[in-house]
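The values are calculated or read from the model by the stated rules, or taken from the named source; none is laboratory data. All figures in this text were calculated on a predicted structure; none of them were measured in a lab. Every residue, glycine among them, receives a Cβ derived from its backbone with ideal geometry; neighbour counts consider all protein chains shown.
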Amino acid sequence: MSTMTNTLDEQTWKTLTAAAVEAMCSAYCPYSHFPVGAAGLTTDGRMVSGCNVENAGYGVTLCAECGMISDLVRHGGGRLKAVAIVNGNGQACAPCGRCRQLIFEHGGNECLILMPTGPMAMSEVLPGAFGPSNLSEVTSGQALAK
């Protein structure tokens with residue numbers, strides 16, 4: 001069981017949101033004109049961030065959260081404690097399904113996400129998430145074929 005607390009003080013959320021706004025200002029979104037920034041606080045106190053990067057082949061567009069996770073991994077990894085995602089107005093916005101899975105992988109059930117309605121634990125944002133521990137549940141599909 002993690003010792004991570006389920007709350008952050010208001011100043012920490014403001015700092016995290018400001019970092020997400022700063023990242024959002026670098027977004028490359030010539031098609032949707034919908035800039036997004038994401039910032040994460042790690043359990044050891046580091047801040048990581050990312051912005052959305054669109055592509056003419058829409059399917060290869062990278063969400064801001066993807067950039068944030070890349071920044072996390074590039075700077076030594078670790079676990080996310082809290083994440084703020086903002087739109088072009090600096091308002092909290094919800095992560096898409098793919099990004100919820102990415103955040104879960106690097107933060108777990110207790111990672112806090114600043115949703116438009118307020119902070120929520122990842123276990124509420126992505127209930128019943130599939131994670132690394134699920135990969136060991138099945139060793140081989142070959143056993144069923146016999």
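Name the one entry in Ser70, Ser2 that is modelled with pLDDT of 95 or more and of a type in the set (Gly, Ala, Ser).
Answer to the check: Ser70.
For the structure I just gave you, tell me whether Ala56 is in contact (Cβ under 8 Å) with a residue 24 or more places away in the chain and over 21 Å from Phe34 (Cα atoms).
For Ala56, the condition - in contact (Cβ under 8 Å) with a residue 24 or more places away in the chain and over 21 Å from Phe34 (Cα atoms) - is not met.
As an exercise: evaluate Asn109 against (1) loosely packed, with under 12 Cβ neighbours inside 10 Å; (2) modelled with pLDDT of 95 or more; (3) over 19 Å from Trp13 (Cβ atoms); (4) not hydrophobic (A, V, I, L, M, F, W, C) and give the number of the one condition it does not meet.
Result: Asn109 passes all but (1).
Only residues that are among the small types (Gly, Ala, Ser), more than 19 Å from Arg100 (Cα to Cα) and either buried (at least 23 other Cβ atoms within 10 Å of the Cβ) or more than 19 Å from the chain's Cα centre (by Cα) (or both): list them for the range 25-60, please.
Ser32, Ala56, Gly57
Report yes if Leu102 is within 10 Å of the chain's Cα centre (by Cα) and without any contact (Cβ under 8 Å) to a residue 60 or more places away in the chain, otherwise no.
So Leu102 passes the test.
What number goes with the only condition from (1) at negative phi; (2) assigned to a loop (DSSP other than H, G, I, E, B); (3) under 16 Å from the mean Cα position of the chain (by Cα) that Gly77 does not pass?
Condition (1) is where Gly77 drops out.
For the range 93-113, name all the residues that are more than 27 Å from Val60 (Cβ to Cβ) and assigned to a strand (DSSP E or B).
Correct list: Leu112 only.
Run Met120 past the list (1) out of contact with any helix residue (DSSP H, G or I) (no Cβ under 8 Å at 6 or more places or on another chain); (2) surrounded by 12 or more Cβ atoms within 10 Å (Cβ to Cβ); (3) not in a strand (DSSP E or B) and report the number of the one that doesn't hold.
With (1) out of contact with any helix residue (DSSP H, G or I) (no Cβ under 8 Å at 6 or more places or on another chain); (2) surrounded by 12 or more Cβ atoms within 10 Å (Cβ to Cβ); (3) not in a strand (DSSP E or B) applied to Met120, the lone miss is (3).
Select, from Leu8, Leu16, the only residue that is among the hydrophobic types (A, V, I, L, M, F, W, C), assigned to a loop (DSSP other than H, G, I, E, B), buried (at least 17 other Cβ atoms within 10 Å of the Cβ) and in contact (Cβ under 8 Å) with a residue 60 or more places away in the chain.
Going through Leu8, Leu16 in turn, the sole match is Leu8.
Tell me, which residue of the range 84-101 that is buried (at least 20 other Cβ atoms within 10 Å of the Cβ) and out of contact with any Pro (no Cβ under 8 Å at 6 or more places or on another chain) is farthest from Pro30 (Cα to Cα)?
Ala84
More than 18 Å from Glu110 (Cα to Cα), in contact (Cβ under 8 Å) with a residue 40 or more places away in the chain and either part of a helix (DSSP H, G or I) or not charged (D, E, K, R) (or both) - does that describe any residue in the range 59-67?
There is at least one residue in the range 59-67 that is more than 18 Å from Glu110 (Cα to Cα), in contact (Cβ under 8 Å) with a residue 40 or more places away in the chain and either part of a helix (DSSP H, G or I) or not charged (D, E, K, R) (or both).
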